[in-house]
Amino acid sequence: MGIGPSTKETSLHHFRDPLVDIVGSDSGIDLMGVLLFGTSDDNKEKLRNSKRAAIMAEGMRADGVILTSDGWGNSDVDYTNCVEELGEMGIPMSGLNFSGTMATFVVENEYLQNNIVDINKNPEGLESNIVGENNMTADDVKKALMILKIRMKEKELKNR
């Protein structure tokens, strides 16, 4: 999915993406890759795309996934379905999402609980025209990575 809910990020932000930088440099994580997919207008395609993303993670035997989204509302269907597909496959996950004042998803499931970090920085919880209020930061990524490591450890302990 995407990197932020608006086009207010600078190209420097994309070149120094905190998610890739932090996860890629963490010695306890083996970054296997980055998968990008778009948001379709058609619900059937939305579900197919998010299911295929989860199947790709399963096929790669990923120990965990950090899922990000660049929107809300219509994009929530793809995002939450992918979260659910990963959960049903037993793949630990955490996520980064612009929630803001909505603070809830249009579609919900049990795998969203305590796994998603809100990347909104605007005090009013709105998308703004201020660079840095609409995108993930290093602190957001560190929180998501910590959640992922906890979920991976929980799975390891459960499987013992």
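The values are calculated or read from the model by the stated rules, or taken from the named source; none is laboratory data. These figures come from a predicted structure and were not determined experimentally. All Cβ positions, even for glycine, are placed from backbone atoms using ideal geometry, and neighbour counts span all protein chains on display.
Tallying residues that are buried (at least 21 other Cβ atoms within 10 Å of the Cβ) and in contact with a His (Cβ under 9 Å, 6 or more places away or on another chain) within the stretch 109-135 yields 1. Contact map, the stretch 116-145: first residue within 18 Å of PHE15 (Cα to Cα), second residue part of a helix (DSSP H, G or I) and modelled with pLDDT under 85, Cβ cut-off under 7 Å, separation 6 or more or different chains; pairs are ASN135/HIS13. Search the stretch 51-100 for residues being more than 16 Å from VAL34 (Cα to Cα) and among the hydroxyl-bearing types (Ser, Thr, Tyr), and hand back the single one that is surrounded by the most Cβ atoms within 10 Å (Cβ to Cβ). Checked the stretch 51-100; the qualifying residue surrounded by the most Cβ atoms within 10 Å (Cβ to Cβ) is THR80. Among the residues of the stretch 92-130, which ones are in contact with a strand residue (DSSP E or B) (Cβ under 6 Å, 6 or more places away or on another chain) and of a type outside the set (Gly, Ala, Ser)? Selection gives MET93, LEU96, ASN97, ASN115, ILE116, VAL117, ILE119. Based on what the data block shows, is ALA57 modelled with pLDDT of 85 or more and in a loop (DSSP other than H, G, I, E, B)? No; evaluated as a whole, the condition is false for this residue.
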